[in-house]
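Trainee: Take a look at this one; I'll ask things after.
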Amino acid sequence: MISSPEIKDYLYDRDYQLWLQQLLEQLRSGDLANIDRENLIKEIEDLEKNEKHAIARYLMRLCEHLLKVAYWDSERENCLRGWRLEITNFRIQIQERLETSPSLKSFLEDNFAKQYKNGRKLFLQASSLDAGFIPEEPCFTVAQALDENWWP
């Protein structure tokens, strides 16, 4: 087992998989005194950020596609099937993350307005529609956005 701080940092920076294997071995054996705490904490913080980033990204794209269905009349006939498929995909991705991490639901709700605005920007750029016709504030709720039976 590697235990000096310099070697731990070297292993973490140079061979991440070996670092993970060693960390798991130490956790399983109860060797908590030699665990690379600093890098472990960094990894756990990154996991949290990554999950929040992923759910925010899916919510943004979900809002974008719901706006396409609701407002992009000129493309609806050709694109509706694809948009609905994307909406279903984003709903599934969000629901799967909420199932494994229910505490993300409050993060999702707290960030809904922001992700709606980001999705609106993407929609406006894709559609070239007049921004004045698309509500700046959400025109549907988080619950509606996630409801597989709801469509604008």
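Trainee: Would you tally the net charge around residue 149, using a Cβ to Cβ cut-off of less than 14 Å, leaving residue 149 out, and scoring K and R as +1, D and E as -1? Walk me through the numbers on the way to the answer.
Mentor: On the way: positive: 84, 91; negative: 147, 148.
Surrounding charge for residue 149 is 0.
Trainee: Ignoring everything except DSSP H segments at least 4 long, calculate the 222 nm mean residue ellipticity for the chain; use -39,500 (n - 2.57) per segment, divide by total residues, nearest 500. Present the calculation step by step, with values, prior to reporting the outcome.
Mentor: Details: 7 runs with 115 residues, N = 152.
Value at 222 nm, helices only: -25000 deg cm²/dmol.
Trainee: For segment 49-146, compute the orientation-averaged projected area of the C-alpha convex hull (one quarter of its surface), in nm².
Mentor: Values: hull surface 23.7 nm².
Here the figure is 5.9 nm², rounded to one decimal.
Trainee: Which value, in debye to the nearest 20, describes the size of the charge dipole of segment 49-146 about its Cα centre when Lys and Arg Cβ atoms bear +1, Asp and Glu Cβ atoms bear -1, and nothing else is charged?
Mentor: Working: 15 positive and 13 negative charges, 57 e Å.
About 280 debye.
Trainee: Starting from the Kirkwood Rh over alpha-carbon pairs, what translational D in µm² s⁻¹ does segment 5-80 have by Stokes-Einstein at 37 °C and 0.692 mPa s? Please list the in-between numbers first.
Mentor: Working: Rh = 15.9 Å.
Stokes-Einstein gives a translational diffusion coefficient of 206 µm²/s.
Each reported figure results from applying straightforward, stated rules to the coordinates on display, with no laboratory input. It should be emphasised that the depicted structure is a prediction, and the values quoted were computed from it without experimental measurement. When we count neighbours, we look across all protein chains shown, and the Cβ atoms used for this are built from the backbone with ideal geometry, even at glycine.
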